[in-house]
1. Looking at (1) out of contact with any helix residue (DSSP H, G or I) (no Cβ under 7 Å at 6 or more places or on another chain); (2) in a helix (DSSP H, G or I), can you tell me which one residue 115 breaks?
2. Within the range 17-112, which helices (runs of 4 or more DSSP H) (wholly inside it) include 1 or more residues that are surrounded by 11 or more Cβ atoms within 10 Å (Cβ to Cβ), assigned by TED's automatic domain parsing to the domain that holds residue 150 and touching a residue at least 24 places away in the same chain (Cβ under 8 Å)?
3. Does the range 118-141 include one or more residues that are in contact (Cβ under 8 Å) with a residue 24 or more places away in the chain, out of contact with any helix residue (DSSP H, G or I) (no Cβ under 7 Å at 6 or more places or on another chain), within 24 Å of residue 79 (Cα to Cα) and in the same structural domain as residue 76 (by TED's automatic domain parsing)?
4. Being outside the structural domain of residue 143 (by TED's automatic domain parsing), exposed (fewer than 10 other Cβ atoms within 10 Å of the Cβ) and modelled with pLDDT under 95: is that true of residue 6 here?
5. Is it the case that the range 119-135 has a residue that's surrounded by fewer than 11 Cβ atoms within 10 Å (Cβ to Cβ), assigned to a loop (DSSP other than H, G, I, E, B) and over 20 Å from the mean Cα position of the chain (by Cα)?
6. Taking the residues in the range 52-84 that are closer than 15 Å to residue 10 by Cβ and at pLDDT 80 or above as candidates, determine which candidate is nearest to the chain's Cα centre (by Cα).
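The values are calculated or read from the model by the stated rules, or taken from the named source; none is laboratory data. Worth saying up front: this structure is predicted, and the values here are computed from it rather than measured. Backbone-built Cβ (ideal geometry, glycine too); neighbour counts: all protein chains shown.
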């Protein structure tokens, strides 16, 4: 039953989807809104569950070329793990340092680490993107993002 990789991945994704759907039903509902905040998580959870079911019943045999595509070289695996570590640092320091500073640092160092070496344009993009997103959320959408150490 579980001899293909697709079936193993499908079962794992189905378990994640069921957990995600269960947790999205735990979100509180707000009485004065037409579209509640749990619509997107529930929709994504059901979509993931449907896709995992389709993947489970996919009868396509895996060829040798597809197996070779699945193998990740060691240096690329280390790069993926390093980017994952940078993302974890970003998540843990976001509340403490603040959205603007952490997002600037995250975008700048991640793109530099991944090979983009034009420092001036990299800095301009990271600062501009972070400030535009912060201003959009804060003033247009009126959603507070973590200010951190900045007196914003």
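1. Here residue 115 clears every test but (2).
2. 74-97
3. No, the range 118-141 contains no residue that is in contact (Cβ under 8 Å) with a residue 24 or more places away in the chain, out of contact with any helix residue (DSSP H, G or I) (no Cβ under 7 Å at 6 or more places or on another chain), within 24 Å of residue 79 (Cα to Cα) and in the same structural domain as residue 76 (by TED's automatic domain parsing).
4. no
5. No; the residues of the range 119-135 include none that is surrounded by fewer than 11 Cβ atoms within 10 Å (Cβ to Cβ), assigned to a loop (DSSP other than H, G, I, E, B) and over 20 Å from the mean Cα position of the chain (by Cα).
6. Checked the range 52-84; the qualifying residue nearest to the chain's Cα centre (by Cα) is 52.
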